[in-house]
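These notes concern the structure reproduced below.
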Amino acid sequence: MPPAATTAGGFLLVLALLVPLAGILLALAAGGRAAERLAPAAIAAGLALALAVTVVVLRTDAALVYVLGGWRPPLGLALRADGLSAAMLLTTAVVMGGIGLFAQDDYRTPAGMAEARLPLSFWTLWLGVWLGLNAVFVGDDLFNLFVALELLTFSAVPLVCLDGRPETLSAALRYLLVALLGSVLYLLGAALLYGAHGTLDIPLLARLIRPGPAVWAAMVLMTVGLLAKAALFPLHMWLPPAHAGAPPAASAVLSALVVKASFFLLVRLWVDVMPAMQEARAAQLLGVLGVAAILHGSVLAMRQARLKLLVAYSTVAQIGYLFLIFPIVLTSPAAGVSAWIGGMVQLVSHACAKAAMFMAAGLVARTLGHDRIAGLDGIGRALPLTVLAFALGGLSLMGVPPSGGFIAKWLLAVAAVEGGQWWWALAILLGGLLTGGYLFRVLAPAMVGAPPVPVAAVPRRQELVVLALALCSVLLGFLPLGSLHLLAVGRLGGAAAGLP
């Protein structure tokens, strides 16, 4: 049922949107130097709000709701944060905060200059991405989620080409075209749903939706559009050049968080909007595409000559694990709890690990003047903290215990076996072995040989930030399983109704 009124603490959801929005307006009004100074305040406020939302959701064991203007859907709009939304708000605050601290050394207005284009551009876009992510995670209306996704896209695309090089401009244009195509397909599907049911509010649609040609056409259009934005195989070819060519902080934002927003909306569609019409064949197809992404991305990562391209293709592979939840949750209710929690832990742990790995790769490239894997000999002695962070993030991606990646992949594999779909577990195991293969290509030469002569110095603060994010991906594995109950609070969909 749609909410009758705002719940206690619902105003926190509005503040989660207003804080980055206020930062953007202040940055544009005051300039780049002021934007740099606003960043620490935005990080502190964003983290405090995300923690507050998480605490309220845990204490009340229910979704947090804010009804805008007091008008209930379908006449009005509502913001909603269930346990998954709270976890993603907190993950976004931690990762964006770490990236912001890392970027302060790279996007600083030079002394003696009143203004510089690059700092103003970066900090404004950084806040725009944060605003777009928060809007996606608390939105409860499919059209408003489209608006949030577009805000996110138009903030993320310019990050790819901040340095203005021709190859990054080409990658950004390809990214933009794919994103716009995905948006058109999503909007067409939303229009079909609105024409069939007269509302785009998710809780109302979940009660009203029934199988039919218009509904299935809408779901196909919206799913394909979101798959393109999420870069799931075979719609992934825009991702490696865009993520690998972007500056380190921008690569971290894009790979750790931006692609997750589209996956989050796919979860909303298939688990929340469609509890009455779940389709086993469609769920199995999403799982097959996930396995193809795991294998294809991992094999191509092993063949790369550049470190950042290796990490980018690793993102293609790791996204595939997320799509294994669909065939298990939607077709094996008995195993749905483990699959759901495993998939969502993968969402969080990958965000922390991949942000750390991209920024670590950036520090390596700055120190050496290149990121060729063949020339990494001895870099572990020159940048021990950076290489340690890269290794910890990679071990989490492999699923080595006791990391967060291990918990995620273990729960997914157990759920697959318990649900009688053991072949997904084999794909998880093979993916872990392939991940170990391309990590060995990097770490083996990095730990031997004489330390190279650095081309440029790396600030110690940046190394510590990268290490902290990598440790977050590992420390997730130490959380008691009972605390992961947060990820199941306030679920709407029938397939998730049995979650604790």
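Quick look at the numbers
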{"read-out": "Search result, residues across segment 457-466 that are closer than 16 Å to residue 381 by Cα and either buried (at least 18 other Cβ atoms within 10 Å of the Cβ) or of a type in the set (Val, Ile, Thr) (or both)", "value": "458, 463"}
{"read-out": "In segment 270-307, the residues that are buried (at least 24 other Cβ atoms within 10 Å of the Cβ) and farther than 16 Å from residue 330 by Cα", "value": "293, 294, 297, 298, 301, 307"}
{"read-out": "Within segment 135-152, tally of residues that are open to solvent by 10 Å² or more (accessible area, probe 1.4 Å) and assigned to a helix (DSSP H, G or I)", "value": "7"}
{"read-out": "Residue 118, sole failed condition from (1) closer than 30 Å to residue 64 by Cα; (2) out of contact with any His (no Cβ under 9 Å at 6 or more places or on another chain); (3) part of a helix (DSSP H, G or I)", "value": "(1)"}
{"read-out": "Matching residues, segment 27-63, being modelled with pLDDT of 90 or more and open to solvent by less than 50 Å² (accessible area, probe 1.4 Å)", "value": "42, 43, 45, 46, 49, 50, 52, 53, 54, 56, 57"}
{"read-out": "Qualifying residue in segment 217-232 (condition: more than 28 Å from residue 291 (Cα to Cα) and assigned to a loop (DSSP other than H, G, I, E, B))", "value": "no"}
{"read-out": "Lone unmet requirement of (1) in contact (Cβ under 8 Å) with a residue 40 or more places away in the chain; (2) β-branched (Val, Ile, Thr); (3) open to solvent by less than 70 Å² (accessible area, probe 1.4 Å) for residue 400", "value": "(1)"}
{"read-out": "Per-region count, segment 408-444, residues open to solvent by 30 Å² or more (accessible area, probe 1.4 Å), touching a residue at least 24 places away in the same chain (Cβ under 8 Å) and over 30 Å from residue 485 (Cα atoms)", "value": "3"}
{"read-out": "Check on residue 370, in a loop (DSSP other than H, G, I, E, B), over 17 Å from residue 264 (Cα atoms) and open to solvent by 30 Å² or more (accessible area, probe 1.4 Å)", "value": "yes"}
{"read-out": "Residues within segment 110-133 that are over 25 Å from residue 53 (Cβ atoms) and crowded, with 19+ Cβ neighbours inside 10 Å, tallied", "value": "3"}
{"read-out": "Answer residue from segment 445-456, given it is more than 30 Å from residue 408 (Cβ to Cβ) and surrounded by fewer than 17 Cβ atoms within 10 Å (Cβ to Cβ) and is nearest to the chain's Cα centre (by Cα) among those", "value": "456"}
{"read-out": "Hits in segment 171-201 - residues which are modelled with pLDDT of 90 or more and open to solvent by less than 10 Å² (accessible area, probe 1.4 Å)", "value": "171, 172, 179, 182, 183, 186, 189, 190, 193"}
{"read-out": "Check on residue 353, assigned to a helix (DSSP H, G or I) and buried (at least 24 other Cβ atoms within 10 Å of the Cβ)", "value": "yes"}
{"read-out": "Residues that are closer than 23 Å to residue 138 by Cα and either open to solvent by 20 Å² or more (accessible area, probe 1.4 Å) or free of Cβ contacts under 8 Å to residues at least 12 places away in the same chain (or both), drawn from segment 207-220", "value": "207, 208"}
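The values are calculated or read from the model by the stated rules, or taken from the named source; none is laboratory data. Note that the structure is a prediction, hence the values are computed from the model and not measured. Cβ sites come from the backbone with ideal geometry, for glycine too, and all protein chains shown count toward neighbours. All accessible areas refer to the heavy atoms of the entire protein, side chains included, with ligands and DNA or RNA removed. Shrake-Rupley method; radii C 1.70, N 1.55, O 1.52, S 1.80 Å.
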